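The values are calculated or read from the model by the stated rules, or taken from the named source; none is laboratory data. Just so it is clear, the model here is predicted, and its values are computed rather than measured. Positions of Cβ are generated from backbone atoms using ideal geometry, with glycine treated the same way; all protein chains shown enter the neighbour counts.
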Amino acid sequence: MSISATQVKELRDMSGVGMMECKKALVETDGDLQKALDLLRANSSLKAEKKASRVAADGAVKIADNSAYTSLVEINSETDFAAKDSQFKDFAINVANYLSNNQVNDIGALRAEFEGKRQSLIQSIGENIQLRRLVTLEVPSNGCIGAYVH
């Protein structure tokens, strides 16, 4: 079966995965877009597992706050290049927005909430991405918490 560039582009737009990966998935599924998307999703968890052992020491710190608490979260990537990627930045903003609306005190709970999105990001960027640390502080009743990221 012949796979058109339009099909590859459509799958890439849906998945965020590289063109060659999309083409391989479409060839393997005889051009069935939905099956190819399912195949890419299944492969993303395998790729994430393989990359999990690689050191992720760059990244970003995000601050999320409201009147009751302030959370700081460290999100790591393997390189500063990946940390500057728009998809990584969007992921970090989504995590911060979630923390602004949900008081989370445990990094494990935060990881569980974002595992699917993290794996998709790993597949798309090609690097290990980790939610590394989380600190949540209660705002004192008579004060506030200030934060600064340099």
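Of the residues making up segment 100-116, not a single one is surrounded by fewer than 13 Cβ atoms within 10 Å (Cβ to Cβ) and basic (Lys, Arg). If only residues of segment 127-150 that are of a type outside the set (S, T, N, Q) and surrounded by 16 or more Cβ atoms within 10 Å (Cβ to Cβ) are counted, the one that is farthest from residue 75 (Cα to Cα) is 127.
Under the condition of being modelled with pLDDT under 90, out of contact with any Ser or Thr (no Cβ under 6 Å at 6 or more places or on another chain) and not polar (S, T, N, Q), the residues counted in segment 40-64 number 12.
The combined condition, being without any contact (Cβ under 8 Å) to a residue 40 or more places away in the chain and surrounded by 15 or more Cβ atoms within 10 Å (Cβ to Cβ), is not fulfilled by residue 42.
Among the residues of segment 138-149, is any more than 30 Å from residue 26 (Cβ to Cβ), modelled with pLDDT of 95 or more and in contact with a strand residue (DSSP E or B) (Cβ under 7 Å, 6 or more places away or on another chain)? No, there is no match, as no residue in segment 138-149 is more than 30 Å from residue 26 (Cβ to Cβ), modelled with pLDDT of 95 or more and in contact with a strand residue (DSSP E or B) (Cβ under 7 Å, 6 or more places away or on another chain). If you take the residues of segment 68-120 that are part of a loop (DSSP other than H, G, I, E, B) and among the β-branched types (Val, Ile, Thr), which of them is farthest from residue 130 (Cα to Cα)? Among them, the one singled out is 104.
Per this entry, residue 75 is not counted among residues that are modelled with pLDDT under 95 and of a type outside the set (D, E, K, R).
Residues in segment 83-99 that are surrounded by fewer than 16 Cβ atoms within 10 Å (Cβ to Cβ) and closer than 24 Å to residue 126 by Cβ: 84, 86, 87, 89, 90, 93, 94.
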